[in-house]
C-alpha cells in the first residue's frame, strides 16, 4: 500500500518568521497517517528541520546540483541538503525547466545524485497550455518520464508529480477526467519500463492550484496518491485542509 503524501513547495517565499507556520503544522500532526512534507527555501532548511517534531512533518529541498561538490557558485548538492536535514528534494519543476532551461537529461542526473545521497526525488512533469490544446499532453508526459527518471526507481527513492504548467498558481485546474487520464497513463508508462511491482510502489502526486476546496475531489481520482502544493502550503491552516482531505480519501 502506497503511503499518501502531502507535499508543500514554498518556492521563493519565507523568512525566519515563517517557521512559526511550520511549527504550528508540526504540532497539529504529531503522528500523521500520511507523509507531510514541506520544502522551504534553502535559507530555512536547517532551521526547518530543527523546528519540526519527530515523526511529524518532514522537510525537503527545492532543487539540487547533479554533482557532489565543485566550483558551482550558488548551487547546493544533494549531500548538502541531506546534511541540512532534508529527506526529499523536488526536481524538474516547470519553473526550473522554464526559468533555468533544465532539460530532461539534467533532471535525470539530479535524480541520480539525490538517490545516491539518500534523498527521495520528487520528479515533476507537465505540459503547457499550448501542448494541452494541441492534444500533445500524453506525448509530453511520456517523453519527460522517459528522459527525467533514472533506471531502477522504487517507492523508497522516487515520487512523480504531474503539474500541468497552465494550472500552477492560476486557479485553473484540469477536469477530474483529465487528471485521471494522465495519472493512469503515468502508472502504465512506469509499469511498462520498470515492471508492475516497482511501478505500483511509486507515489504519483497531482499539483496545480490545489486548495482545501477542491482537494477531496482530486484525491478521489485513480492513481492520485497525494498533492504537490504551492501557495496553499504557506499557511498551516490552509495546508491542514488539504492534509485532512488526503487523510480521508
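Bear in mind that the values in this text are calculations on the coordinates, not laboratory data. Just so you know, these numbers come straight off a predicted model, no measurement behind them. Because the Cβ atoms are built from the backbone with ideal geometry, glycine has one as well, and the counts that use them run over all protein chains shown.
If you rank 162, 29 by fewest surrounding Cβ atoms within 10 Å, what's the result?
Fewest-to-most ranking of 162, 29: 29, 162.
Only Cα pairs under 8 Å and at least 6 apart count here; give the relative contact order of segment 154-249 as a rounded whole percent.
Normalised by residue count, the contact order of segment 154-249 is 32 percent.
Can you give me the C-alpha center-to-center distance between segment 121-161 and segment 63-85, rounded to a whole angstrom?
23
Kindly put 103, 148, 56 in sequence by how many other C-beta atoms sit within 10 Å of each C-beta, fewest to most.
Ascending Cβ contact count within 10 Å gives the list 103, 56, 148.
Among 90, 120, 154, determine the one that fluctuates most according to a GNM of the chain built with springs between C-alpha atoms less than 10 Å apart.
It is 154.
In segment 65-97, which residues have a backbone nitrogen under 18 Å from the label point lying 7 Å from residue 54's Cα in the Cα-to-Cβ direction?
Once the point is set 7 Å along Cα→Cβ of residue 54, 85-87 turn out to lie under 18 Å by backbone N, inside segment 65-97.
Given the options 195, 142, 169, state which has the largest fluctuation in a GNM of the chain using a 10 Å cut-off (strictly under) for Cα springs.
195
Contact order normalised by length for segment 73-215, with contacts defined as Cα pairs under 8 Å and 6 or more residues apart; what percent is it?
24
How do 124, 180 rank when sorted from fewest to most other Cβ atoms within 10 Å of their own Cβ?
Starting with the residue having the fewest Cβ neighbours, the order is 180, 124.
Decide, for segment 170-249, between rounded, prolate and oblate: order the square roots of the alpha carbon gyration tensor eigenvalues as a ≥ b ≥ c, take rounded if a/c falls under 1.5, and otherwise choose prolate if a/b is larger than b/c, else oblate.
It comes out prolate by the Cα gyration axes.
With n ≥ 4 as the cut-off for DSSP H runs, can you work out [θ] at 222 nm for the chain, using -39500 (n - 2.57) per run divided by the number of residues, rounded to the nearest 500?
Computed mean residue ellipticity for the chain: -12000 deg cm²/dmol.
Using Cα-Cα distances under 8 Å and only pairs 6 or more residues apart, what relative contact order does segment 5-248 have, in percent?
20
Could you calculate the contour length gain from residue 196 to residue 172, that is, 0.36 nm times the residue separation minus the distance between their Cα atoms, to one decimal place in nm?
Additional length available on full extension: 5.4 nm.
With just the Cα atoms defining each centre, how far is segment 202-249 from segment 1-52? Give it in Å.
15
Quick one: Kirkwood hydrodynamic radius for segment 104-153, alpha-carbon pairs, angstrom, one decimal?
Result for segment 104-153, one decimal place: 11.6 Å.
Using 5 Å bins from zero, what percent of all Cα-Cα pairs in segment 5-248 falls into each bin?
1, 7, 15, 19, 21, 18, 12, 6, 1, 0
Using only C-alpha atoms and all pairs of different ones, pull out the Kirkwood radius for segment 1-117 in Å with one decimal.
The answer is 14.8 Å.
Could you order peptides 83-89, 36-42 by the average number of other Cβ atoms within 10 Å of their residues, highest first?
Ranked by mean Cβ neighbours within 10 Å, highest first: 36-42, 83-89.
Report the full-extension gain for the segment residue 135 to residue 15: residue separation times 0.36 nm, less the Cα-Cα distance, to one decimal in nm.
Gain on extension, residue 135 to residue 15, equals 39.1 nm.
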